[in-house]
1. Among the residues of region 120-138 satisfying the criterion of being within 26 Å of Ser72 (Cα to Cα) and either of a type in the set (Phe, Trp, Tyr) or open to solvent by less than 20 Å² (accessible area, probe 1.4 Å) (or both), which is modelled with the lowest pLDDT?
2. Here is a list: Glu103, Glu117. Which entry is among the acidic types (Asp, Glu), modelled with pLDDT under 90 and out of contact with any Leu (no Cβ under 7 Å at 6 or more places or on another chain)?
3. All but one of (1) closer than 23 Å to Glu136 by Cα; (2) within 14 Å of the chain's Cα centre (by Cα) hold for His91, so report the exception by its number.
4. Got a sec? Which of Arg62, Arg84 is modelled with pLDDT of 90 or more, surrounded by 16 or more Cβ atoms within 10 Å (Cβ to Cβ) and either touching a Phe, Trp or Tyr at 6+ places or on another chain (Cβ under 8 Å) or within 26 Å of Arg112 (Cα to Cα) (or both)?
5. In region 41-54, how many are within 21 Å of Asp114 (Cβ to Cβ), under 16 Å from the mean Cα position of the chain (by Cα) and exposed (fewer than 13 other Cβ atoms within 10 Å of the Cβ)?
6. For region 70-77, check the following and say yes or no: at least one residue is modelled with pLDDT of 90 or more, open to solvent by less than 70 Å² (accessible area, probe 1.4 Å) and either touching a helix residue (DSSP H, G or I) at 6+ places or on another chain (Cβ under 8 Å) or closer than 30 Å to Val139 by Cα (or both).
7. Just checking, how many residues over region 104-117 are under 13 Å from Asp60 (Cβ atoms) and open to solvent by less than 40 Å² (accessible area, probe 1.4 Å)?
Amino acid sequence: MTSKRIALAALLLLATTPLYAGFNEIESALRARLGSPTYIPLMGLVRVVTWVVHPKGVHDVRLAVFEKNHASIDGAEIERLLNREVPRDFHPLVRTRSRKTGEWAFIYARPRGDRLELLVVSHDNEDTALVQVDVEPDVVMRELDQPHHIVVSMR
């Protein structure tokens, strides 16, 4: 009986945990350079609810925030890190670095059937964020076409 429960639990875990190549590797590389990311309470619950409800076309989200970094990381360094760690099936959409402010942002995308997986890594003067999101592009585009809906949903 116990082995059946373990097998069932393992099967459920595999079925409900999407495979996200790249996120863990990038998070580990950032962790080695910047220290541990900030703990975000209830993020696991947010992910489970997102898997079930799909708010605004989002099917999953992963987030790691490195707040108030005392160790700086420049855009050229992060670009080399991303070139090494981002899976080859992701395509770069945005690569921007400011020499003046030290801020940078990189956005990659890959198709996942009828959905789109986005990988975003950004940095301002203090914080670095890594986000991976699985979205329905049609729903997101409809929301962007109606900016009033976005503002209302943010309240």
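The values are calculated or read from the model by the stated rules, or taken from the named source; none is laboratory data. Quick caveat: nothing in here was measured; it's all calculated off a predicted structure. Quick reminder, even Gly has a Cβ in these numbers, built from the backbone with ideal geometry, and neighbours come from all protein chains shown. These area figures cover heavy atoms from the full protein model, side chains too; ligands, DNA and RNA do not enter into them. Shrake-Rupley method; radii C 1.70, N 1.55, O 1.52, S 1.80 Å.
1. First, pick out the residues of region 120-138 that are within 26 Å of Ser72 (Cα to Cα): 120-133.
Imposing the further condition that a residue be either of a type in the set (Phe, Trp, Tyr) or open to solvent by less than 20 Å² (accessible area, probe 1.4 Å) (or both) reduces the set to 121, 128, 130, 132.
Working: Val121: 94, Thr128: 91, Leu130: 95, Gln132: 94.
The selected residue is Thr128.
2. Numbers: Glu117 fails: modelled with pLDDT under 90.
Only one candidate qualifies: Glu103.
3. Evaluating His91 over (1) closer than 23 Å to Glu136 by Cα; (2) within 14 Å of the chain's Cα centre (by Cα) leaves (2) as the failure.
4. Details: Arg84 fails: surrounded by 16 or more Cβ atoms within 10 Å (Cβ to Cβ).
It is Arg62.
5. Step one: of region 41-54, the residues within 21 Å of Asp114 (Cβ to Cβ) are 47, 50-54.
Subsequent filtering for residues that are under 16 Å from the mean Cα position of the chain (by Cα) retains 47, 50-51, 54.
Now narrow it down to the ones that are exposed (fewer than 13 other Cβ atoms within 10 Å of the Cβ): none.
Residues in region 41-54 being within 21 Å of Asp114 (Cβ to Cβ), under 16 Å from the mean Cα position of the chain (by Cα) and exposed (fewer than 13 other Cβ atoms within 10 Å of the Cβ): 0 in total.
6. Our first condition is that a residue be modelled with pLDDT of 90 or more; within region 70-77, this holds for none.
For region 70-77, residues modelled with pLDDT of 90 or more, open to solvent by less than 70 Å² (accessible area, probe 1.4 Å) and either touching a helix residue (DSSP H, G or I) at 6+ places or on another chain (Cβ under 8 Å) or closer than 30 Å to Val139 by Cα (or both): absent.
7. Within region 104-117, the first condition is being under 13 Å from Asp60 (Cβ atoms), and the residues that meet it are 112, 115-117.
If we keep only those that are open to solvent by less than 40 Å² (accessible area, probe 1.4 Å) too, we end up with 117.
Qualifying residue count, region 104-117: 1.
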